[in-house]
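*Asks:* Questions regarding the structure given below will be posed in turn.
Only the coordinates and a few stated rules stand behind these numbers; no lab work does. Computed from a prediction, not measured in an experiment: that's the story for all the values here. Cβ placement follows ideal geometry from the backbone for every residue including glycine, while neighbour counts extend to all protein chains displayed.
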Amino acid sequence: MARDEQTYAIVGAAMAVHGELGAGFLESVYQDALEIELTQRQIPFRREATLQVFYRGRPLPSRYRADFLCYEQLVVELKVSRGTGDADMAQVLHYLKSTGLKRGLLLNFGRESLQFRRFVLNPG
């Protein structure tokens, strides 16, 4: 499956969850529902995935924990708020920069419609 198709598949699963539940639940409820939706759609994932942090190519004792890691390469972070801000976006970017991963999704279930933002880090 091509990279854009992977992102599209995850966003589609998140839209199905939001369409069924709507806004107003705790983040953990959306995580549980998204886990079911990803499984049904046969999207490979790890929930609460521990991400190794690197500095100058060397692993650090510190770790990050992403809500989901899909396809072993795409970080997915869930939020439940009126809107995502700089701190939420910075969180995803820090995950990507410090782990060597290149793609991320920030999903916000806290509004009437699902909000999502895609992140792609260029090599270099």
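*Asks:* Under 1.5 on a/c is rounded, so check that first for region 1-80, then, if it is not, pick prolate when a/b is larger than b/c and oblate when it is not; a ≥ b ≥ c are the square roots of the alpha carbon gyration tensor eigenvalues. It would help to have the intermediate numbers written out before the result.
*Replies:* On the way: a/c = 2.67, a/b = 1.57, b/c = 1.70.
Cα axes put region 1-80 in the oblate bin.
*Asks:* Another question, then. Would you mind checking the tilt of helix 86-99 against the longest principal axis of the Cα atoms of the chain, expressed as 0 to 90 degrees and rounded to 10?
*Replies:* Helix 86-99 sits at roughly 50 degrees to that axis.
*Asks:* Can you figure out the FRET efficiency of R58 with A90, using R₀ = 22 Å and their beta-carbon distance, to the nearest 0.05?
*Replies:* Working: r = 23 Å, r/R0 = 1.04.
It comes out at approximately 0.45.
*Asks:* Report the longest stretch of the chain that contains none of the GluC sites (Glu not before Pro) sitting in a DSSP loop with at most 10 other Cβ atoms within 10 Å. List each step's numbers first, then the result.
*Replies:* Numbers: sites that count: E72, E112.
Answer - 1-71.
*Asks:* A follow-up question, please. Considering only DSSP beta bridges with both partners in the chain, what is the antiparallel share in %, to the nearest 5?
*Replies:* Numbers: 18 of 24 bridges.
Antiparallel: roughly 75 percent of the beta bridges in the chain.
*Asks:* Within 10 Å of each candidate Cβ there may be at most 16 other Cβ atoms; applying that plus a DSSP loop requirement, which trypsin sites (Lys or Arg not before Pro) in region 1-104 survive? Don't skip to the end; give the middle numbers.
*Replies:* Working: sites: R3, R41, R46, R47, R56, R63, R65, K79, R82, K97, K102, R103; in loops: R41, R56, R82, K102.
For trypsin sites (Lys or Arg not before Pro) across region 1-104 that sit outside H, G, I, E and B with at most 16 neighbouring Cβ atoms in 10 Å, the list reads R41, R56, R82, K102.
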